[in-house]
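A quick write-up on the structure given underneath.
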Amino acid sequence: MMKGLLEYMGTEPGRLHFSWISSAESTKFVEVANTVAEEVKALGPAKHFIKEKAEVA
Amino acid sequence: MLEYVGKIRDIARRLLSENKVDVVIGFRQGTIPMMSEPAVVSRPEDVDELYWDYNCGINLTNYLTKRTDRIGVVAKGCDSRNIVTHIVENQIKREQLYIIGVPCHGMIDRSRILAALDGQEPTAVVVNDTEIVVTGPGFERKFNRQEYLQNNCATCIHRNPVVYDELVAEKVEEQKLDDRYADVKKIEAMSPDEKWAFFDKILAPCLRCYACRNACPLCYCPTCFVDESRPQWLGKSIDPTDVRTFHFLRAYHCAGRCTDCGACERACPVNIPVRLLTKKLNMDVEDLYGFEPGMVPDVRPPLDVYRPDDPGGFIK
Ligand code: SF4
Ligand code: SF4
Ligand code: SF4
């Protein structure tokens, strides 16, 4: 639901990933890390949730 | 509506004089039109203060949190669902409450009426079965009641209280709607960039005044995450990133709990449609968990419990 709301507000699907990997599942870890990296690379650098400059009152 | 007023006063008078409750929480007329305000009455001779009309959109459950006395509370459909949520979340005990249920006809949208008046100052507003008649110095304007309902009331399907000790009138017929989530689906159909731009635009006027949070009965944390400074969870400026983060998190804290009572939206001084966020979560919680907040006592909200069959499609 959190991912749903983020995407509803304009975060790209593919930017945020969730996975459940046990410490014994090294192959799964590699696979997931690779997919995440590929998908995020494909999206390009993040455009959102970045503050350009510190806001000084 | 006026018959409701008499009935509410009668019940309040009876409860107070028979010492069944210590206070009755309801509404009284505001000092300006379309601004009925919460009232706490503790003496039988004061019950004539109590009132009811089409401007009682504030959610009275907000005034129950952690009270220790015995309370008679006036509750429309949405308030009653928030009372259920409050009971489930241990903010009040059912035994403390005498719920005066009000079958609701929907509240009128003050901000849209004022906008339509374009600066003209109303001095009296009378609502009948179909029309809202607004009068002021040198003018009279009529609005269609159904069209000028608060947006959440126009899409409300639980106008009758779900818990009550006594009703002030016969139950009203519930609305049958084709699609309560049309506005949410319209946004969902946009591309990510359009969505981002859309929310940038609607959130831009936000002042971070937190009226939306304060009006909401779900927001009872002693220290809200926005006010914490150690650690500071998010920036306190009106930088668009901070504003968006605030709105995202405020909405998310209401996930699976929001009754779409509209008190948040009503409270906003700059008319930000904050319900677009909570409504999306309401839709998802209905789709994913088949759950509608505040309908059944004893059932904890879905994000508060773990079940082996919780939807997990997002986990790789
Ligand atoms: S949301 Fe429903 S119960 Fe609540 S004020 Fe509107 S119509 Fe009445
Ligand atoms: S988030 Fe808004 S609509 Fe939902 S319960 Fe709170 S005040 Fe009511
Ligand atoms: S009430 Fe309106 S302006 Fe105030 S914090 Fe909420 S959305 Fe922003």
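Which ones in the stretch B:1-39 are closer than 18 Å to residue B:123 by Cβ and either surrounded by fewer than 17 Cβ atoms within 10 Å (Cβ to Cβ) or of a type in the set (A, V, I, L, M, F, W, C) (or both)? Even if it seems obvious, please write down each step before you answer.
Here is the first cut: in the stretch B:1-39, the ones closer than 18 Å to residue B:123 by Cβ are B:29-37.
Matches in the stretch B:1-39: B:30, B:31, B:32, B:34, B:35, B:37.
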Item to check | Filtered residue count, the stretch B:11-39, keeping only those that are out of contact with any Phe, Trp or Tyr (no Cβ under 9 Å at 6 or more places or on another chain), more than 13 Å from residue B:49 (Cβ to Cβ) and of a type outside the set (Val, Ile, Thr) | outcome: 7
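Residue under question is residue B:168, and the condition is that it be of a type in the set (Val, Ile, Thr) and away from ligand 2 (no atom under 16 Å from the Cβ); does it hold?
Values: of a type in the set (Val, Ile, Thr): yes; away from ligand 2 (no atom under 16 Å from the Cβ): yes.
The answer is yes for residue B:168.
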Item to check | Complete set of residues in the stretch B:169-196 that are surrounded by fewer than 13 Cβ atoms within 10 Å (Cβ to Cβ) and not in a loop (DSSP other than H, G, I, E, B) | outcome: B:182, B:185, B:186, B:193, B:194
Checklist entry - What are the pairs, 6+ residues apart or on separate chains, where a residue within the stretch B:179-201 that is free of Cβ contacts under 8 Å to residues at least 12 places away in the same chain and within 7 Å of another protein chain (Cβ to nearest Cβ) has its Cβ under 6 Å from a residue that is surrounded by 14 or more Cβ atoms within 10 Å (Cβ to Cβ) and of a type outside the set (A, V, I, L, M)? => result B:192/A:10; B:192/A:12; B:195/A:10; B:196/A:10
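Is at least one residue of the stretch B:123-144 outside the structural domain of residue B:301 (by TED's automatic domain parsing), in contact with an Asp or Glu (Cβ under 6 Å, 6 or more places away or on another chain) and in contact (Cβ under 8 Å) with a residue 12 or more places away in the chain?
Here is the first cut: in the stretch B:123-144, the ones outside the structural domain of residue B:301 (by TED's automatic domain parsing) are B:123-144.
Filter once more, so that each one left must be in contact with an Asp or Glu (Cβ under 6 Å, 6 or more places away or on another chain): B:136, B:142.
If we keep only those that are in contact (Cβ under 8 Å) with a residue 12 or more places away in the chain as well, we get B:136.
Checking the stretch B:123-144: at least one residue is outside the structural domain of residue B:301 (by TED's automatic domain parsing), in contact with an Asp or Glu (Cβ under 6 Å, 6 or more places away or on another chain) and in contact (Cβ under 8 Å) with a residue 12 or more places away in the chain.
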Checklist entry - So which pairs qualify, if the first residue must be in the stretch B:100-119 and within 16 Å of ligand 3 (Cβ to nearest atom), the second must be basic (Lys, Arg), the Cβ gap must be under 8 Å, and the two must be at least 6 apart or on different chains? => result B:110/B:266; B:111/B:266
Checklist entry - Looking at residue B:54, is it crowded, with 16+ Cβ neighbours inside 10 Å, away from ligand 2 (no atom under 16 Å from the Cβ), more than 14 Å from every other protein chain (Cβ to nearest Cβ) and under 24 Å from residue B:122 (Cβ atoms)? => result yes
Checklist outcome for this item: Conditions (1) surrounded by 17 or more Cβ atoms within 10 Å (Cβ to Cβ); (2) on the phi > 0 side of the Ramachandran plot; (3) more than 10 Å from every other protein chain (Cβ to nearest Cβ) -> residue B:218 fails only (2)
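The values are calculated or read from the model by the stated rules, or taken from the named source; none is laboratory data. Since we're looking at a predicted model, the values are computed, not measured. Here Cβ is always computed from backbone atoms with ideal geometry, including for glycine, and neighbour counts include all displayed protein chains.
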